[in-house]
Structure formats: C-alpha cells, structure tokens
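*Asks:* Structure provided below as structure tokens; questions to follow.
The values are calculated or read from the model by the stated rules, or taken from the named source; none is laboratory data. Just so it is clear, the structure is predicted and the values come from calculations on it, not from any experiment. Don't worry about glycine lacking a Cβ; one is built from the backbone with ideal geometry, like all the others, and counts go over all protein chains shown. When the accessible area is computed, the model is the full protein with side chains, heavy atoms only, and any ligands, DNA or RNA have been set aside. Shrake-Rupley method; radii C 1.70, N 1.55, O 1.52, S 1.80 Å.
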Amino acid sequence: LRACSKIISSHIDYYITNYFGDNALNSKQIIWLQHGVTGNDLSDWLNKKRMSLFITTTQEETDSILKNYSHYKFTAKEVKLCGFPRHDALLAAQHTGRSILIMPTWRHHLMGEQIAHGNIRKKNPEFMQSDYARAWSGFLNAPELQKLAETYKREVVFFPHVNIQPYLDEFTLPEHVHVLKHTDGSIQKIFAQAALMITDYSSVAFEMAYVCKPIIYYQFDEKEFFSNHTLTKGYFDYRTHGFGPVVTEQKELLSALEKLLADEGKPEQVYTERMKKTFAFRDGRNCERVYHEIQKLDKE
C-alpha cells in the first residue's frame, strides 16, 4: 500500500485513504468509484476528502455536483461520468428473481460511538426500542407479509445495512424470513435473485433500477431522517424521481406490495420510464471508461 501510486476504492473513508494514520498516503492518487449513487447532499462529508477521480453514473448526479453554486468543491477535472464499474457485472448477471429483498439503510443517531478510526461502533443498548427497529420488526413479523409470500411463492430476504447487522441477533424474526449479512456472499448475486426491493432511503434502489426491477420506499421517519442522519436532501426527490411508490405506514406498504405481486412484479410505467432515463450508460463498458480516465491521470 505504501508503494502503490493509486488507490482505487468504492470507499473514501480515512481507514482507506489514511490507513496508516501518518498521512503517508497523501501522495497517492485516489480514485473513488462510489458505493452508491449520490442522490442526497453529501457535501459536508465529501468536501473533506481528497480525490483525483470521482466517478458518477447519472447525468443528474453529475450536474448536482458540478453546477454553479453547488455545495461541492469538486470540478470537472475530478468528476467523470463513466457509469459504475460494478454495473457491468450486474447487467450481465440479471435475471428474473423470486425473492422480496428488504434492504433498509442505517440511522446515524441510533449508532453507538465509533471505535478508533474504523467502521466498527459500540452497540446502542436502546436500539431495539427505537422507531426504526420497531417499524422494520413489525413489518417483518406481519402475518400479512407471510401470507403474501406464501400466496405468490416468494422468499422474504432481510438484508439491512452493515451498520445495522450487529443488532440482527436482537431481532425476533419468523422462520420464513431469511436473514443475510455482507459476509454471506456477493451482493450482486442477491440483486440478481431478487424479484423486487423494499428499502427506505438507501442508494441500493439505484442498483435495482439499473436492471429495471420494482422498488417500494418505506419512509416512516422521513422528517427525522433528513435532520439526524449524515446527509441532507439533494436533487433527488423520492416522490418525483424515485423508482417506486413512497409509503409511510405499514398498512400502505403491505398494500403496495400486494399490488406489485398481483401485477406479476412489473413496475408501473412511470417508474419504468424513470429507470430507463436515469442512467447515462447501459452498454457494459463502464469499466472501460473508468480505466481510460485513470490512464489519463498519468498523462496530466
């Protein structure tokens, strides 16, 4: 790591860019592939970062970073619209899946204190009393969900954000809910096996949209989320630009899920059109474009 000239990563945290803690990597070229589409405003976090390339995948995302009076410090020198390399493999692996994939993101205000400079945190003893835990636990334990899964012969898969996974043992879940962790294998395979996704605010919805699979957003705490999390609202509005219906109550969620399953898992036309228009490239050549941009760095 000390000997390399470039660090190419989906993460830009200090445990990647300052691994040794002595600023020894400051001379390296940092190529950030992103681990999710930047739909919300992450400028407070990202402006503290140093990078040679900032890879984007949609025109709207790119414009939100580069536009005049943007909150971001980055310019067209760093920001390159190439498409995400991993989307090439996702596109090649796509097929009609059978699972109901439930993938909520995390909540900063519910997490314990960060340990050292890594990504491990102390556990919050009151986590299971939170609205977050109660909402997702309530849905996963709902008899209506089990009935829908049985009626339409679908597997229910619960795969929360990595920061939530330390609390999985505290959830009391029925046998028909299959729990997955990041250590269980390729996340690309999980997307391929899914028929549809239920999430809240997670950028994983873009992954499903890339292969035109249906999405439902369960946002029971939308006001609290944007005031207590590590981001603020950006250009992406879930109701205006999202790839599926936004619901705030469990009853609405179950109703939206039943409708989707009854329609053979096909997104409504308005959402299909958004999915098709959102991404700049679907040609399987994102890796190639990124590679050429990295090559250019050595010529500057």
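*Asks:* Scan the stretch 96-194 for GluC sites (Glu not before Pro) in coil per DSSP, keeping those whose Cβ has at most 12 other Cβ atoms within 10 Å, and list them by number. Could you put the intermediate results ahead of the total?
*Replies:* Numbers: sites: 113, 126, 144, 150, 155, 170, 175; in loops: 113, 126, 175.
Counting only loop positions with at most 12 other Cβ atoms within 10 Å, the GluC sites (Glu not before Pro) in the stretch 96-194 are 113, 126, 175.
*Asks:* Further, regarding this structure: Restricting the calculation to Cα positions, tell me the Rg (one decimal) and the Dmax (whole number) of the stretch 24-67 in Å.
*Replies:* 11.3, 35
*Asks:* With a 1.4 Å probe and all protein chains in place, put 200, 263, 184, 41 in order of accessible area, largest first. Present the calculation step by step, with values, prior to reporting the outcome.
*Replies:* Details: 200 0, 263 70, 184 95, 41 25 Å².
Of 200, 263, 184, 41, the descending order of accessible area is 184, 263, 41, 200.
*Asks:* Looking at the chain, send over the antiparallel percent of its DSSP beta bridges, to the nearest 5. Let's see the in-between values first.
*Replies:* Working: 3 of 28 bridges.
Roughly 10 percent of the DSSP beta bridges within the chain come out antiparallel.
*Asks:* Per DSSP helix of 4 or more residues, -39500 (n - 2.57); summed, then divided by the residues of the chain. What does that give at 222 nm, rounded to the nearest 500? Display every interim value, and only then the final one.
*Replies:* Details: 12 runs with 100 residues, N = 300.
Helix contribution divided over all residues of the chain: -9000 deg cm²/dmol.
*Asks:* In square angstrom, rounded to the nearest 10, how much accessible surface does residue 79 have for a 1.4 Å probe?
*Replies:* 10 Å²
*Asks:* Over the stretch 21-148, with every protein chain in place, what whole percent of the accessible area is carbon and sulfur at 1.4 Å, could you tell me?
*Replies:* Ligands and nucleic acids excluded, carbon and sulfur reach 51 percent.
*Asks:* Ignoring ligands, DNA and RNA, what accessible area per residue does the stretch 160-300 give at 1.4 Å, in Å²?
*Replies:* Working: 7120 Å² over 141 residues.
Heavy-atom accessible area per residue stands at 50 Å².
*Asks:* Suppose each label sits 7 Å from its Cα in the direction of the beta carbon; what would the residue 189-residue 93 distance come out to in nanometres?
*Replies:* In this crude label model, residue 189 to residue 93 measures out at 0.8 nm.
*Asks:* Write down, largest first, the equivalent ellipsoid semi-axes of the stretch 1-116 in whole Å, where each equals the square root of 5 times an eigenvalue of the alpha-carbon gyration tensor. Can you show the working numbers first?
*Replies:* Numbers: eigenvalues 126, 81, 64 Å².
Sorted largest first and rounded, they come to 25, 20, 18 Å.
*Asks:* Can you give the three extents of the C-alpha atoms in the stretch 85-143 along their principal axes, from longest to shortest, in whole Å?
*Replies:* Taking the Cα atoms of the stretch 85-143, the three principal extents are 42, 40, 12 Å.
*Asks:* For the chain, what is the charge dipole size about the Cα centre, in debye to the nearest 20, if Lys and Arg each add +1 at the Cβ and Asp and Glu each add -1 at the Cβ?
*Replies:* On the way: 37 positive and 37 negative charges, 197 e Å.
It works out to roughly 940 debye.
*Asks:* Give the Kirkwood hydrodynamic radius (Å, one decimal) of the stretch 232-282, defined as one over the mean of 1/r across all pairs of different Cα atoms.
*Replies:* Numbers: mean 1/r = 0.0805 Å⁻¹.
That comes to 12.4 Å for the stretch 232-282.
*Asks:* Specify, per residue and in Å³, the volume enclosed by the convex hull of the alpha carbon atoms belonging to the stretch 53-208.
*Replies:* On the way: hull volume 24.2 nm³, N = 156.
Looking at the stretch 53-208, the number lands at 155 Å³ per residue.
*Asks:* So for the chain, Kirkwood radius off the Cα pairs, Stokes-Einstein at 4 °C and 1.567 mPa s: how many µm² s⁻¹?
*Replies:* Values: Rh = 20.5 Å.
Estimated diffusion coefficient is 63 µm²/s.
*Asks:* Okay, next question. To the nearest 20 Debye, how big is the dipole of the stretch 1-136 about its Cα centre, given +1 on the beta carbon of each Lys and Arg and -1 on that of each Asp and Glu?
*Replies:* Values: 17 positive and 12 negative charges, 73 e Å.
So the dipole magnitude of the stretch 1-136 works out to roughly 360 debye.
*Asks:* Which order do 136, 106 take by accessible area at a 1.4 Å probe, largest first? Kindly include the intermediate steps, with their values, before the conclusion.
*Replies:* Values: 136 0, 106 35 Å².
Sorted by accessible area, descending: 106, 136.
*Asks:* Over all directions, the average projected area of the alpha-carbon convex hull for the stretch 200-300 comes to how many nm²? Intermediate results must be reported in sequence, preceding the final value.
*Replies:* Values: hull surface 34.8 nm².
For the Cα atoms of the stretch 200-300, the hull's average projected area reads 8.7 nm².
*Asks:* Eigenvalues of the Cα gyration tensor times 5, then square-rooted: what semi-axes does that give for the stretch 48-139, in whole angstrom, largest first?
*Replies:* Working: eigenvalues 207, 114, 39 Å².
They are 32, 24, 14 Å, listed from largest to smallest.
*Asks:* Radius of gyration and Dmax for the stretch 125-242's Cα atoms, expressed in Å?
*Replies:* Reported Rg and Dmax, both Å: 14.9, 40.
*Asks:* Next question, about the same structure. Beta carbons within 10 angstrom, averaged per residue: use that to sort the peptides 85-91, 293-299, highest first. Let's see the in-between values first.
*Replies:* Working: 85-91: 18.4, 293-299: 11.6.
In descending order of packing, they fall as 85-91, 293-299.
*Asks:* Further question: Once Lys and Arg get +1 and Asp and Glu get -1 on their Cβ, which of 246, 272, 262 lies farthest toward the positive end of the dipole of the stretch 213-300?
*Replies:* 272
*Asks:* Relative to the compact-globule scaling 2.2 N^0.38 Å, provide the ratio for the alpha-carbon radius of gyration of the stretch 149-212.
*Replies:* Numbers: Rg = 12.4 Å, N = 64, 2.2 N^0.38 = 10.7 Å.
Normalised Cα radius of gyration, the stretch 149-212: 1.16.
*Asks:* Take residue 59 and residue 75, extend 7 Å from each Cα along the Cα→Cβ direction, and tell me the distance between the two endpoints in nm.
*Replies:* The modelled label-to-label distance comes out at 2.4 nm.
*Asks:* Which chymotrypsin sites (Phe, Trp or Tyr not before Pro) in the stretch 207-256 pass both tests, a DSSP loop state and at most 13 other beta-carbon atoms within 10 Å?
*Replies:* Details: sites: 210, 217, 218, 220, 225, 226, 235, 236, 238, 243; in loops: 220, 235, 236, 238, 243.
Counting only loop positions with at most 13 other Cβ atoms within 10 Å, none of the chymotrypsin sites (Phe, Trp or Tyr not before Pro) in the stretch 207-256 qualifies.
*Asks:* Extending each Cα 7 Å along its Cβ direction at residue 255 and residue 292, get the distance between those two points in nm, one decimal.
*Replies:* Distance between the two pseudo-spin positions: 5.0 nm.
*Asks:* For the charge dipole of the stretch 1-115, defined by +1 on Lys and Arg C-beta atoms and -1 on Asp and Glu C-beta atoms about the Cα centroid, which residue among 75, 1, 103 has the Cα displaced farthest towards the positive pole?
*Replies:* In the stretch 1-115, that residue is 1.
*Asks:* Give the residue list of chymotrypsin sites (Phe, Trp or Tyr not before Pro) in the stretch 12-97 that are DSSP loop and have at most 15 other beta-carbon atoms within 10 angstrom.
*Replies:* When the chymotrypsin sites (Phe, Trp or Tyr not before Pro) of the stretch 12-97 are filtered for loop state and at most 15 Cβ neighbours within 10 Å, 19, 20, 69 remain.
*Asks:* Based only on Cα atoms, what mean projected area does the convex hull of the stretch 125-176 have, in nm²?
*Replies:* 3.8 nm²
*Asks:* With r defined as the distance between the Cβ atoms of residue 13 and residue 126 and R0 fixed at 25 Å, what FRET efficiency is calculated, to the nearest 0.05?
*Replies:* Calculated value: 0.45.
*Asks:* For residue 81, enumerate residues with amide H under 5 Å from its amide H, sequence gap 5+ or separate chain, H modeled in the peptide plane.
*Replies:* 56
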